[in-house]
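Okay, so here's the structure we're looking at.
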Amino acid sequence: MKKLSIAIVLLLFLAIFSFCLDFGGVLGATPIISHPPEDPFYLEANLSLWLSAQMGKNIDFLIQGSYTYSTENPYFFDLDFLKIEGTGISLFYFSLGRFRASDFSGYIIDHRIDGLSFGLSFPWGTISSVAGYSGLLFKESSAIIMSKGDVADLGDEDKILAAPRLAGGIDLLFPELFLRQDLNLSFWFQADLRPESEVVSEGTQLPSINGGKLHTQYTGLGLSGPLAPSLFYDGFAYLGTGKTLFFFDGAYEFANILSFLGSLGIRYYSEEWNFTKIALRCIYSSGDADYKNDFIEGNTDAAANLFIPVSRQNLALIFSPQLGNIFLTELSFSIKPLSRSGNRTLEKLQTELKVIGFFRSSTGLISEPGIDPASEALYLGTEIDCVINFRPFSDLGLSLSGGVFIPNTEADGAFLETEREVEVIGKAGFSFSF
């Protein structure tokens, strides 16, 4: 038996290394100093190791795991990716396992899931489709927070995995359909798979922190392309539909969701002027003035207009609310100031400055605390961020960033002065690939 076990191990070893292997890793660290909170220093360090193997002429295997240390959680291990991907005929490609799924805009979903994706390429465009499950991810690394149950899980030490949801979608891209303009069509959905024992049902008369199930759908249209030499634009719109449970008049009832997400951006880019880019972007997500008690499941009538994306995105360094009852304008300027210096190393230094104005779409709640329930002000505040990126070598990256958020705490302002103050942050970044 011992000889047989050794033989099996040797055969597995030879089978693995009969493939074309490649492996490596990334070591990174991010110290952060901020004010507030009371403890101004935070450190996060990450070590990721990956391995890829060519399993056939058109099939590859990739696995990546990571360990993260932070001042809040010293031990966190995660499986970042585990997938098999490849191509069939020249028009077909697929990915199976754990991978990152995203709609064409990146604002509906941009998150890891476990499932299957595939695509077809044609002379006139591409079709891509994704279906996956989120319930095997760790909740610490999940940005899918859509319901009161998801929020309750964050404070439940017995819960380890993320919310069980099925998400999927289809994107169609028609490149240069007319006048060099690209057209995107998109349909995505997510279904809440929590067991009935963990949620409340319609007609329940006692309030619950778990809330009810939430199912949503998203239908989108996008256009992008050049307007003139060095001048480009992109815009998209999504109609959100679905059903949400809410507590009203002593019982839980279902309300239909009809919501909207839209964005329009314009940018100027010039390589001759030290790779200068000037960009202006507006993002609007619909809100609901009825949401006075809870940001999620806070509706008090039969129609819910709050937009709820599948995954949460980072909108700024400090103030980064979840899309939903948020309207923002962002003006950014980036440049490589030493690109004409003649020094190949210094040419890679890049700086970026952003000014972001945040507003509410309605007088309802947002995902962040501190809102004055009596205020009808829509202006939330302004954030100014500055980022310096420097990659002297292909495997070494350095960055410095800082930001300040100035909330609207004036008389009749959106935020309570006692709950919100000027916030400042400074971050350094280091990453080394090997």
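Please find, within the range 227-265, the residue that is farthest from the chain's Cα centre (by Cα) out of those that are in a strand (DSSP E or B) and of a type in the set (Ser, Thr, Tyr).
Tyr252
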* Residue satisfying all of: in the range 22-41; under 17 Å from Glu72 (Cα atoms) and of a type in the set (Asp, Glu); most open to solvent (accessible area, probe 1.4 Å) among these -> Glu38
* Asked: Of the residues that make up the range 140-158, is at least one modelled with pLDDT of 90 or more, open to solvent by 60 Å² or more (accessible area, probe 1.4 Å) and at negative phi?
  -> yes
* **Which listed residue is under 28 Å from Ser117 (Cα atoms) and among the small types (Gly, Ala, Ser), from Gly168, Gly211, Gly155** => Gly168
* Scan the range 268-288 residue by residue and report those that are under 22 Å from the mean Cα position of the chain (by Cα), crowded, with 16+ Cβ neighbours inside 10 Å and not polar (S, T, N, Q). => Ala279, Arg281, Ile283, Tyr284, Gly287
* the range 129-139, residues that are part of a strand (DSSP E or B) and either open to solvent by 40 Å² or more (accessible area, probe 1.4 Å) or at pLDDT below 95 (or both) -> Ala131, Tyr133, Phe138
* Asked: If you check Glu419 against the conditions, is it over 19 Å from Ile33 (Cβ atoms) and without any contact (Cβ under 8 Å) to a residue 40 or more places away in the chain?
  -> no
* Scan the range 235-254 for residues that are of a type outside the set (Val, Ile, Thr), under 27 Å from Leu185 (Cα atoms) and open to solvent by less than 30 Å² (accessible area, probe 1.4 Å) and jot them down. => Gly235, Phe236, Tyr238, Gly240, Gly242
* Any chance Ala251 is in contact with a Phe, Trp or Tyr (Cβ under 6 Å, 6 or more places away or on another chain) and under 30 Å from Gly135 (Cβ atoms) -> no
* All but one of (1) in contact with a Gly (Cβ under 7 Å, 6 or more places away or on another chain); (2) open to solvent by 30 Å² or more (accessible area, probe 1.4 Å); (3) of a type outside the set (Lys, Arg) hold for Val200; which doesn't? -> (2)
* Asked: Restricting the search to the range 283-331, which residues are modelled with pLDDT under 95 and among the acidic types (Asp, Glu)?
  -> Asp288, Asp290, Asp294, Glu297, Asp301
* **Pairs where the first residue, in the range 377-392, is within 22 Å of Leu346 (Cα to Cα) and the second is open to solvent by 60 Å² or more (accessible area, probe 1.4 Å) and at pLDDT below 95, C-beta under 7 Å, 6+ apart** => Phe390/Lys348; Arg391/Lys348; Pro392/Lys348
* From the set of residues in the range 397-434 that are of a type in the set (Phe, Trp, Tyr) and under 17 Å from Arg360 (Cβ atoms), which is surrounded by the most Cβ atoms within 10 Å (Cβ to Cβ)? -> Phe405
* **All positions within the range 143-187 that are within 20 Å of the chain's Cα centre (by Cα), of a type in the set (Gly, Ala, Ser), farther than 16 Å from Ile308 by Cα and part of a loop (DSSP other than H, G, I, E, B)** => Ala162
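The values are calculated or read from the model by the stated rules, or taken from the named source; none is laboratory data. Note that the structure is predicted; figures quoted are calculated from it, not measured. Quick reminder, even Gly has a Cβ in these numbers, built from the backbone with ideal geometry, and neighbours come from all protein chains shown. Side chains are part of the model used for accessible areas, which takes the heavy atoms of the whole protein and leaves out ligands, DNA and RNA. Shrake-Rupley method; radii C 1.70, N 1.55, O 1.52, S 1.80 Å.
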